[in-house]
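Step one of this worksheet: look at the structure below.
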Amino acid sequence: MQYGHFDDAAREYVINTPHTPYPWINYLGSEQFFSLLSHLGGGYSFYRDARMRRLTRYRYNNVPTDAGGRYLFVNDGGDVWTPTWLPVKAELSHFEARHGLGYSKITGERGGLRVETTYLVPLGENAEVHKVVLTNNTDRPKQVKLFSFVEFALWNANDDQTNYQRNLSIGEVEVEPLSPSGGTAIYHRTEYRERRNHYAVFAVNEAAQGFDTDRETFLGGPFNGFDEAAVPHRGESADSVASGWYPIGSHGNVVELAPGESHALVYVLGYLENDVEAKWADDAKQVVNKVGAHELLARFSSPAAVDDALAALRSYWTELLSTFTVNSSDEKLDRMINVWNQYQCMVTFNMSRSASYFETGIGRGMGFRDSNQDLLGFVHLVPDRARERILDIAATQLPDGSAYHQYQPLTKRGNNDIGSGFNDDPLWLIAGVAGYLKETGDFSILDAEAPFDNEPGTEAPLWEHLVRSFRFTTDNLGPHGLPLIGRADWNDCLNLNCFSSEPGESFQTTENRAGGVAESVFIAAQFILYGADFAEMAERRGLAEVAADARAKVEAMREVIVTHGWDGEWFRRAYDFFGNPVGTAADTEGQIWIEPQGFAVMAGVGVGDGPGDNASLAITALDSVREMLGTPHGLVLQYPAYRSYRIELGEVSTYPPGYKENGGIFCHNNPWVIIAETVVGRGDYAFEYYKRIAPAYREELSDVHKLEPYAYAQMIAGKEAVRAGEAKNSWLTGTAAWNFVAASQYLLGVRPDYDALVIDPQLGPDLPSFAITRRLRGATYEISVTNSGRRGSRATLVVDGVPVDGNKVPYAPAGARVRIEATL
């Protein structure tokens with residue numbers, strides 16, 4: 001069942017009913033100001049950090065779901081409704097929500113009145129802007145009363161939801177009935193009188209007939225919900241001024257419409273900062289200095305200004321997405337690659353794992369591991385910002401090469417509440433830097449300095465950070481010669497040293513038991529893959545001995561995996577605290593895990609002579625994956641799932657069978673198997689696996705999948721789950737970056753290397769031909785592929801009419817246009 005459709009020409013997903021299985025959201029903002037917006041108007045806004053600078057309030061785990069957001073109440077001759085359907089839920093004769101790239105349009109119609117609202121965060125602005133167009137589709141005049149609504153958060157989102165003994169007494173606002181640009185502005189200034197120098201403004205571009213800033217007055221008392229709000233039902237604002245309790249922003253405007261007439265208004269929700277010495281507009285220090293707000297409101301004092309901002313935003317995304325495009329006979333593949341997957345990669349760049357409808361923006365910031373992996377999916381879009389991100393990440397690394405697992409985006413300092421000691425983290429820095437170097441060729445980044453733990457005086461070149469990342473792994477090996485797992489590896493829930501028996505205790509921060517020898521086969525495969533990149537960087541820096549030593553250690557680890565990581569039909573997952581294997585046929589549960597199967601083959605471990613080499617470890621492991629982990633909805637993380645709590649394994653066994661890390665389809669690691677299948681030449685299997693989890697291919701299953709058909713989810717319930725095929729945790733997941741890497745670089749086969757562009761398509765017979773345009777290092781590559789789909793077939797290349805040996809095309813000078821014909 002579908003609840004909408006893709007409008008490929010407009011690059012929008014069109015939702016034609018409010019009754020989706022779950023709120024389907026979009027992200028507004030691409031620089032410093034961000035908003036989450038559902039198709040029903042729910043969500044919230046923040047500046048840079050969803051925890052520390054929350055502008056508007058949103059209650060997670062609420063009843064009904066998605067209650068609270070930015071609303072516009074309509075009183076049309078006593079008939080009260082909301083064009084977003086929520087919160088009033090009055091029946092609409094027409095509903096449509098269009099989620100585009102950095103903007104959304106939600107339209108509702110009732111009683112012959114159509115209200116269309118366009119929401120966006122304009123480029124270069126710290127503000128969310130709404131353009132509201134009212135159209136009278138009847139043959140009689142209408143007088144329409146409009147009441148806007150936002151509820152202000154008291155900045156620190158965690159404190160806002162917990163510290164009521166203080167917070168219910170500190171809310172403050174100012175109201176400007178007539179701002180210099182001609183509208184009405186409400187200013188949220190809680191704590192501005194003391195340590196804050198920032199405030200929020202919520203304004204309308206036309207003078208309002210009234211306003212409200214006190215929530216209980218607007219709603220009609222403490223026992224009314226948003227759907228019963230008294231002010232809209234009464235049809236008149238109360239001009240309430242908040243003093244403590246719950247500050248809000250609401251404007252009351254009256255619009256007269258002749259038959260067939262349309263009228264537009266503009267609402268602006270903005271974030272402003274003043275220098276400390278310029279906080280006040282008066283000597284008594286009672287009136288906020290509003291110069292910045294007045295300038296912002298003047299820039300959006302007309303609907304035409306919003307139209308211009310939307311056009312600029314569209315152009316921005318057109319230019320950005322033209323970096324990589326594919327034209328094939330598969331429209332679902334094209335829309336994922338050309339639009340929605342790359343768009344989601346940019347959202348994960350901005351958000352990491354901090355703020356979604358499953359992440360509150362309070363408990364998690366920017367992940368060390370997460371951000372390095374995300375970088376692989378956005379470096380081609382914003383290489384300059386990727387460079388900055390790498391140095392920010394490196395600055396949170398600890399002196400021994402380990403890292404804080406996450407850091408706060410506002411302060412860029414490590415977040416000790418989430419802990420450290422995840423022993424895969426250091427190697428991801430090498431992965432991120434390698435991805436950046438292959439995309440840009442900018443080796444100067446290796447000499448850029450970054451501190452350790454953000455401590456002044458500890459600055460060192462990025463190269464030194466990579467050296468410590470590499471050595472952290474080699475200095476922390478267990479009895480089998482495999483890397484020690486520490487707190488966990490990529491799988492945060494595989495806590496082999498934790499032994500937690502206390503309810504509510506965090507598996508990620510509780511003290512590990514001393515004396516264990518828990519090792520990770522996954523980190524070993526990761527070390528082989530990214531150790532090769534480390535060696536290549538060393539050689540290019542003229543460090544031949546370092547490069548040779550690194551390559552020797554990588555080869556030694558390859559032998560260790562074959563000797564101690566192989567279980568007979570697949571790669572083992574780990575060794576536990578006591579030295580017992582995890583992921584073995586000898587166990588009744590958790591026999592095979594997906595992560596080492598994909599990553600080991602990606603790293604070339606056990607790869608034989610192609611898809612027909614059934615004796616090779618790689619083919620044997622991937623066949624086991626297909627047989628034991630495969631489902632119509634994707635590949636499960638391990639099988640069989642654990643049915644009882646295994647204290648020696650940690651959090652992974654706490655989930656019910658088939659969910660999350662316990663036998664769920666963790667979409668993040670499915671692309672590792674997709675890539676692995678291309679490595680051994682089985683592109684048909686690779687493309688099949690890709691289509692099982694890609695959202696556009698699951699659109700017709702939306703009633704089962706539940707979440708957005710245009711964004712990857714972190715998890716889909718596995719075959720042992722009660723609700724198999726049901727997704728959770730959409731948007732903020734490494735699935736976005738890894739699936740773009742898998743599809744663009746391995747299925748379609750256009751992959752940047754250090755000195756050349758690799759052309760190596762592997763996706764089976766489904767697409768006999770396709771064309772790709774890739775912009776890279778200032779040159780444009782136009783690639784046409786004729787595809788036989790034969791297993792193991794590799795492309796032969798003709799470059800600008802000249803046949804070439806191998807699959808590498810040396811990089812052309814900036815400004816060049818290179819035409820490549822690939823045949824396989």
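Tally Lys and Arg at +1 and Asp and Glu at -1 over the other residues with C-beta under 12 Å from the C-beta of G210: what net charge comes out? Present the calculation step by step, with values, prior to reporting the outcome.
Numbers: positive: K145, R234; negative: D212, E236, D239.
With Lys, Arg at +1 and Asp, Glu at -1, the net is -1.
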Cα extents of segment 281-395 along the principal axes, largest first, in whole Å, come to 65, 40, 29
With DSSP loop assignment and no more than 14 other C-beta atoms within 10 Å, the GluC sites (Glu not before Pro) in segment 509-608 are E511
Beyond 13 Å, the calculated P(r) of segment 750-823 holds a percent of Cα-Cα pairs equal to 63
Checking segment 255-325 for GluC sites (Glu not before Pro) in a loop per DSSP with at most 16 other beta-carbon atoms within 10 Å yields E261
Given Cβ charges of +1 for Lys and Arg and -1 for Asp and Glu, the option among V115, G100, S38 whose Cα lies farthest towards the positive end of the dipole of segment 1-124 is S38
Measuring from its Cα centre, segment 559-625 shows a charge dipole (+1 at each Lys and Arg Cβ, -1 at each Asp and Glu Cβ) which, in debye to the nearest 20, is 100
Taking N as the number of residues in segment 331-747, the ratio of its alpha carbon radius of gyration to 2.2 N^0.38 Å works out to 0.91
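Enumerate by residue number the chymotrypsin sites (Phe, Trp or Tyr not before Pro) in segment 643-677 meeting two conditions: DSSP loop (anything except H, G, I, E, B), and at most 16 other Cβ atoms within 10 Å of the site's Cβ. Don't skip to the answer; put the middle values down first.
Values: sites: Y645, Y659, F666, W672; in loops: Y645.
Filter output for segment 643-677: Y645.
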Rounded to the nearest 500, the 222 nm mean residue ellipticity computed for the chain from DSSP H runs (n ≥ 4, each -39500 (n - 2.57)) alone is -7500 deg cm²/dmol
Partner lysines whose C-alpha sits under 19 Å from that of K438, ignoring same-chain residues fewer than 8 away, are K808
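Give me the compactness ratio for segment 589-730, meaning the Cα radius of gyration over 2.2 N^0.38 Å.
The reported ratio for this selection is 1.04.
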Check: C-alpha center segment 747-815 vs C-alpha center segment 474-520, spacing in Å is 42
Which residues qualify? For K89, with a placed amide H closer than 5 Å and at least 5 residues away or on another chain, they are T82
In whole Hz, the Karplus estimates of ³J(HN,Hα) for segment 295-301 (6.51, -1.76, 1.60; θ = phi - 60°; x where Gly or Pro) are 5, 4, 5, 5, 5, 10, 8
Inter-part gap, Cα centre of segment 310-379 to Cα centre of segment 635-667, in whole angstrom, is 28
Of all DSSP beta bridges having both residues in the chain, the percent classed as antiparallel (nearest 5) is 95
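Do you know the relative contact order of segment 444-493, to the nearest whole percent, from alpha carbon pairs under 8 angstrom that are 6+ apart? Walk me through the intermediate numbers first.
Working: 34 pairs, mean separation 10.6, N = 50.
So the answer I get is 21 percent.
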With R₀ set to 25 angstrom, the calculated FRET efficiency between the beta-carbons of N163 and W280, to the nearest 0.05, is 0.40
Once phi for every residue in segment 47-59 is put through the Karplus expression 6.51 cos²θ - 1.76 cosθ + 1.60 (θ = phi - 60°), the whole-Hz ³J(HN,Hα) values, with Gly and Pro written as x, are 10, 6, 10, 5, 8, 8, 9, 7, 7, 10, 8, 9, 9
dims of the chain, Cα set, principal axes, largest to smallest, nearest Å -> 79, 60, 52
With x for Gly and Pro, the residue-by-residue ³J(HN,Hα) of segment 562-578, computed from phi through the Karplus equation 6.51 cos²θ - 1.76 cosθ + 1.60 at θ = phi - 60° and given in whole Hz, is 5, 7, 10, x, 9, 9, x, 10, 6, 7, 5, 8, 5, 10, 7, 3, 9
Measuring from its Cα centre, the chain shows a charge dipole (+1 at each Lys and Arg Cβ, -1 at each Asp and Glu Cβ) which, in debye to the nearest 20, is 580
The long-range amide H neighbours of D567, using H built 1.01 Å from N in the peptide plane and a cut-off of under 5 Å, are R572
If R0 = 22 Å, then S501 and R643, at their Cβ-Cβ distance, give a FRET efficiency to the nearest 0.05 of 0.75
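Quick note: the coordinates plus some simple rules give every number you see, no bench work behind them. In this text, all values refer to a predicted model and were calculated from it rather than measured experimentally. Neighbour counts are summed over all protein chains in view; Cβ atoms, including those assigned to glycine, are modelled from backbone coordinates with ideal geometry.
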